[in-house]
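These notes concern the structure reproduced below.
Where a number appears in this text, it was derived from the coordinates with a stated rule and is not lab data. Given the structure is predicted, the values throughout are model-derived calculations rather than measurements.
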Amino acid sequence: MEQLPGFLGLIAVAQGAAGPVTEFSDGRVGFVQRIGFPDGREAGAGVALIARGIALFAAAGSRRSD
């Protein structure tokens, strides 16, 4: 259970990085490309996922130091 925030951070960063990459290369890889509501804003949604993933990494790191 202690490693869950780090794992979720890894998934969020990977999916977030896939968003802008596939947006600019016309691919359909990653969760952001498969859902319908970002419609034209997939690159921004990917950047938001990267930011949330980094926040999860920070939360996981702060829990380890206690």
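Overview of results
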| quantity | calculated |
| --- | --- |
| Whole-Hz ³J(HN,Hα) from phi, Karplus 6.51 cos²θ - 1.76 cosθ + 1.60, for region 56-62, glycine and proline x | 5, 4, 5, 5, 5, x, 6 |
| Contour excess over end-to-end distance, with Cα ends at residue 26 and residue 52 and 0.36 nm allotted per residue | 6.9 nm |
| Hz values of 3J(HN,Hα) by residue in region 9-26 - Karplus curve (6.51, -1.76, 1.60), Gly and Pro given as x | x, 4, 5, 5, 5, 5, 5, x, 5, 5, x, x, 4, 6, 5, 8, 10, 6 |
